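Beneath this line is the structure, given in structure tokens, with notes to follow.
Throughout, read-outs are computed from the coordinates displayed, never taken from laboratory work. A quick note: this is a predicted structure, and the numbers were derived from the prediction, not measured. Here the Cβ is made from the backbone with ideal geometry for all residues, glycine too, and neighbour counts use every protein chain on show.
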Amino acid sequence: MRLFIITNSYTYGRLNWHMHCNIFVMNRLVSITLVFLGIFSSSCGINKHFDKQKKPEGYVRQFSTTDDRFKSHVTKFENHAKIKTGNMNFKINDIPINFGDTENEQYVGVCFSYSDGKKEILIKAIWWNMASNDAKESLIFHELGHCALDRNHNEDHILNSKGEKIRASVMHPAIVSSRDYNEYYDGYVHELFTTDKGILTSLFN
Ligand SMILES: [Zn+2]
């Protein structure tokens, strides 16, 4: 039996890191056999991005400081946070960000938390080196949403004035495209820190 699982991790243009699962059964005989066996599969079973992960006991953090290349994004996140939360002392504190192994082909970034309470964010270098600045920020803000704000994913969509379905949060499992992120920036930043979609909705219309 030959089963091919083709995973297209992400398309750079739309910055879509959903896994697209396609299983091609290459041999008709195999298909018939599968019918008889009652084994149908239209999905590989892993179609949800989940990059907020608790590591089991025994695992320890790999880094203790943030790579300089991420520091400007962290500062920008903290500046937005100060305004949106009203806490002028807001700091990311002890959440180092570094290039590393996200431990899943489809994840370009991941927020790990460990049994000793420590956290860290790891970013896939091969993706980072090809991404636009908007895409980079969108990814770092998404991962900090998990690690620093303790937010989970939000899969809401809102229709814009052109009738297009737009992801209504930076915390969408498939992060927003560079185009949308840029166009509706104030709304996305507001939603990230407050979960209020009011500004985003008004910008869409
Ligand atoms: Zn996520």
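Can you compute 3J(HN,Hα) from phi for each residue in the range 80-95, using the Karplus curve 6.51 cos²θ - 1.76 cosθ + 1.60 with θ = phi - 60°, rounded to whole Hz and x for Gly and Pro?
Result, ordered by residue: 4, 4, 4, 6, 6, 9, x, 8, 6, 9, 4, 9, 5, 6, 8, 10 Hz.
Need one number: nm distance between label points at GLU78 and ASN129, each 7 Å from Cα along Cα→Cβ, rounded to one decimal.
The answer from the label model is 2.9 nm.
On a C-alpha basis, how far is the centre of the range 153-174 from the centre of the range 120-151 in Å? Whole number, if you could?
Centre-to-centre (Cα) distance: 18 Å.
Please enumerate, by chain and number, the lysines with C-alpha under 23 Å from the C-alpha of LYS124, excluding those fewer than 8 residues away in the same chain.
Partners within reach: LYS48, LYS52, LYS54, LYS55, LYS71, LYS76, LYS136.
State whether the range 88-149 is rounded, prolate or oblate according to the following rule on the C-alpha gyration tensor (a ≥ b ≥ c being the square roots of its eigenvalues): a/c under 1.5 gives rounded; otherwise a/b larger than b/c gives prolate, and the remaining case gives oblate.
oblate
What's the ranking of 91-104, 62-75 by average number of surrounding C-beta atoms within 10 Å, highest first?
Top to bottom by mean Cβ count within 10 Å: 91-104, 62-75.
Suppose R0 equals 25 Å; then what is the FRET efficiency for THR65 and GLU105 from their Cβ-Cβ distance, rounded to the nearest 0.05?
Computed FRET efficiency for THR65 and GLU105 comes out at 0.40.
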